[in-house]
């Protein structure tokens, strides 16, 4: 079975530089404090017209072991976990405007 990749696009009221600092530059410190699991990568950020952020590509890759099957429910659950991490970081940044300024 091959690699399965999910991509998504969504918006945030948090400015792109702040979100980048929290999710990418300080992910090793912040994510374990907020949630026990983390997504593998966020590939691209764009500033949105309202001053927030548009994340153009949230990718989760699944590399099943030989003979293993991944079903749609498992993929959906993985996507929901990734979004939960993102939303936890977003909520932390909105609650603490001075963080990652």
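Any read-out appearing in this document is the output of simple, stated calculations on the displayed coordinates, not a laboratory observation. Values in this document were obtained by computation on a predicted structure and should not be read as measured data. Don't worry about glycine lacking a Cβ; one is built from the backbone with ideal geometry, like all the others, and counts go over all protein chains shown.
Laid out as a table, the results:
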| read-out | value |
| --- | --- |
| Spin-label model distance (nm) - residue 65 vs residue 98, 7 Å beyond Cα toward Cβ | 4.8 |
| 50, 8 arranged by Cβ crowding within 10 Å, fewest neighbours leading | 50, 8 |
| Cβ crowding within 10 Å averaged over residues, with 89-100, 16-27 ranked highest first | 16-27, 89-100 |
| Sorted by Cβ density within 10 Å, fewest first, the residues 48, 7, 12 | 7, 48, 12 |
